[in-house]
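Trainee: Dumping the structure here so I can ask a few things about it.
What follows is calculated from the coordinates using simple rules that are stated; it is not laboratory data. Keep in mind that what you see is a predicted model, and the values were worked out from it rather than measured. All Cβ positions, glycine included, derive from the backbone under ideal geometry; neighbour counts span all protein chains shown.
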Amino acid sequence: MPTGYYTHPEFQRHEMGHFHPECPERLQAIEDHLISHGLDGLLERREAPPATREQLERVHRPDYVDSLERASPASGYHAIDPDTSMNSHTLAAATLAAGAAVAATDAVIAGEFENAFCCVRPPGHHAEPDRAMGFCFYNNVAIAARHALRAHGLERVAIIDFDVHHGNGTEAAFRGDEQVMMCSIFQHPFYPYSGTEHLAPNMVNIPLPAYTNGMAVREVVETIWLPRLNEFRPQMLFISAGFDAHREDDLGQMGLVEQDYAWITGQLVDVARAHAQGRIVSCLEGGYNLSALGRSVLAHLKVLLER
């Protein structure tokens, strides 16, 4: 069964100014690695559709959705915070990124794919129900997970986040929700300086110090994540696939390499096969060293394709 691959040309048109690390070249670096290693033809490509207002509002407040629509500039930039800005294409790209995750969820649940990867930007896991931040506008993974629960009637889903930054927006959306388990690793103390206090029982957050290497992360996965996931028995897995914990990425100070991402992905595939009919939807989050990002996504996709 092929792996679905969701993307859209509009993602390249969203940009937040020269030299911003969350840049259109990120997706081109991924495409270049897929082509040069022969994976491009093994993926079933689909163009992302826009998320509907109903789908967005399963996670985000209606007044917040309205505020983004009002803030969208006809030209130039509208700054949300010092790191996060909108241009005239941002709102469309963000709506398509969320739509990609929803469409991938529909296709995987329908049995068209065992798993799917959403090669999207802007990323989503910092977007809270009523706040854009950290390069994020709509929380793509959270919207997809809520769609699986509400539209498809799943009872238990897991979200796994291995970005170098804590997924504060995803935690805000699902804190205390017994239908959702969130497992995450993140550098701490580090932006957004959250994820360590007043944890709900469904939040399996593992803060790690700077310079933590791949072997230490693998131990966390084996001893903490996997027992909790197998106990929870998720019916579908969603991955916030951030690759900025790579040792070559200057936006973090972690020590992972692409082989670590492949190993983690393999463990998650095994959990999905055991409890969720193999169902996984993975969405791109961070990763800002272009070479490391391309190599890491390639390693991630090889496992999704081959396992």
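Trainee: Based on other C-beta atoms within 10 Å, arrange His300, His152 from fewest to most.
Mentor: His152, His300
Trainee: Quick one: which residues, 5 or more positions from Gln253 or on another chain, have an amide H under 5 Å from its amide H? H modelled 1.01 Å from N in the peptide plane, none for Pro or chain starts.
Mentor: Residues meeting the amide H criterion: Tyr211.
Trainee: For the residue pair Glu57 and Ile224, what label-to-label distance in nm results when each label sits 7 Å from Cα along the Cα-to-beta-carbon direction?
Mentor: 3.8 nm
Trainee: Hey, can you rank 158-168, 215-225 by average C-beta count inside 10 Å, highest first?
Mentor: 158-168, 215-225
Trainee: If amide H atoms are built 1.01 Å from N in the plane of the peptide, which residues on other chains or at least 5 residues away come under 5 Å of the amide H of Gly287?
Mentor: HN-HN under 5 Å from Gly287: Phe243, Asp244.
Trainee: When DSSP assigns beta bridges and you keep just the ones with both residues in the chain, what percent turn out antiparallel, to the nearest 5?
Mentor: Antiparallel bridges make up about 10 percent of those DSSP assigns within the chain.
Trainee: While we're looking at this one, here's another question. Quick one: go through the stretch 4-33 and flag any residue whose amide nitrogen is under 20 Å from the point 7 Å out along the Cα-to-Cβ line of Glu306.
Mentor: 4-5, 30-33
Trainee: With a/c under 1.5 counting as rounded, go ahead and sort the chain into rounded, prolate or oblate using the C-alpha gyration tensor (a ≥ b ≥ c being the square roots of the eigenvalues; past the cut-off, prolate if a/b is larger than b/c, else oblate).
Mentor: Since a/c stays below 1.5, the shape of the chain is classed as rounded.
Trainee: Nearest 0.05, what FRET efficiency do Leu42 and Ala74 give at R0 = 30 Å with Cβ-Cβ as r?
Mentor: 0.15
Trainee: Also: From the residues Pro209, Ser282, Leu256, which one has its Cα farthest along the dipole of the chain in the positive direction, the dipole being from +1 and -1 charges on Cβ of Lys/Arg and Asp/Glu about the Cα centre?
Mentor: Of the candidates, Ser282 comes out farthest on the positive side.
Trainee: Right, another one. Quick one: which residues, 5+ away or cross-chain, put their amide H under 5 Å from the amide H of Val204? H built at 1.01 Å from N.
Mentor: It is Met182, Cys183, Ser184, by chain and number.
Trainee: Also, I was wondering about something else. Given the options Thr84, Phe137, Tyr64, identify the residue whose Cα lies farthest towards the positive end of the charge dipole of the stretch 61-146 (+1 on Cβ of Lys, Arg; -1 on Cβ of Asp, Glu).
Mentor: Thr84
Trainee: For the stretch 40-92 and the stretch 107-129, write down the distance between their C-alpha centroids in whole Å.
Mentor: What the calculation gives is 15 Å, centre to centre.
Trainee: Using θ = phi - 60° and the Karplus relation 6.51 cos²θ - 1.76 cosθ + 1.60, list the HN-Hα couplings for the stretch 217-227 in order, rounded to whole Hz, with x at every Gly or Pro.
Mentor: Per-residue couplings from phi come out as 5, 4, 5, 4, 4, 5, 8, 10, 4, 4, x Hz.
Trainee: Next question, about the same structure. Kindly write out, for the stretch 168-179 in residue order, the coupling ³J(HN,Hα) from the Karplus curve 6.51 cos²θ - 1.76 cosθ + 1.60 (θ = phi - 60°), rounded to whole Hz, with x marking Gly and Pro.
Mentor: After applying 6.51 cos²θ - 1.76 cosθ + 1.60, I find 4, x, 5, 4, 4, 6, 10, 4, x, 7, 5, 7 Hz.
Trainee: List His89, His37, His60 from most exposed to least, where exposure is judged by having the fewest other Cβ atoms within 10 Å.
Mentor: If I rank by nearby Cβ atoms, fewest first, I get His37, His89, His60.
Trainee: Here's something else I'd like to know. I need the peptides 249-259, 44-54 ranked by packing, meaning the mean over residues of other C-beta atoms within 10 angstrom, with the highest value on top.
Mentor: So the peptides 249-259, 44-54, ranked by packing, come out 249-259, 44-54.
Trainee: Summing -39500 (n - 2.57) over the DSSP H runs of n ≥ 4 in the chain and dividing by its residue number, what mean residue ellipticity at 222 nm do you reach, to the nearest 500 deg cm²/dmol?
Mentor: One gets -11000 deg cm²/dmol as the mean residue ellipticity at 222 nm.
Trainee: Only four residue types carry charge here, +1 at the Cβ of Lys and Arg and -1 at the Cβ of Asp and Glu. Report the dipole size of the chain about the Cα centre in Debye, rounded to the nearest 20.
Mentor: Using Cβ point charges on Lys, Arg, Asp and Glu, the chain gives about 520 debye.
Trainee: Taking the alpha-carbon centroid of each part, what is the distance from the stretch 185-203 to the stretch 1-29 in angstrom?
Mentor: 27 Å
Trainee: Hey, another quick one. Quick check: from the Cα gyration tensor, does the stretch 1-73 come out rounded (a/c under 1.5), prolate or oblate?
Mentor: Oblate, because a/c is 1.5 or more while a/b does not exceed b/c.
Trainee: Right, another one. With the Cα gyration tensor of the stretch 38-112 giving a ≥ b ≥ c as the square roots of its eigenvalues, does the rule (a/c under 1.5 for rounded; else a/b larger than b/c for prolate; else oblate) give rounded, prolate or oblate?
Mentor: It is oblate, given that a/c is not under 1.5 and a/b is not larger than b/c.
Trainee: Another one. Return the sequence-ordered ³J(HN,Hα) values of the stretch 11-21 in whole Hz as given by the Karplus equation 6.51 cos²θ - 1.76 cosθ + 1.60 applied to θ = phi - 60°, using x for Gly and Pro.
Mentor: The phi angles translate into 4, 6, 8, 6, 8, 10, x, 4, 6, 6, x Hz.
Trainee: Then there's this: Can you tell me which of 269-275, 76-82 comes out highest on packing, and rank the rest after it, using the mean Cβ neighbours within 10 Å?
Mentor: For the peptides 269-275, 76-82, the packing ranking is 269-275, 76-82.
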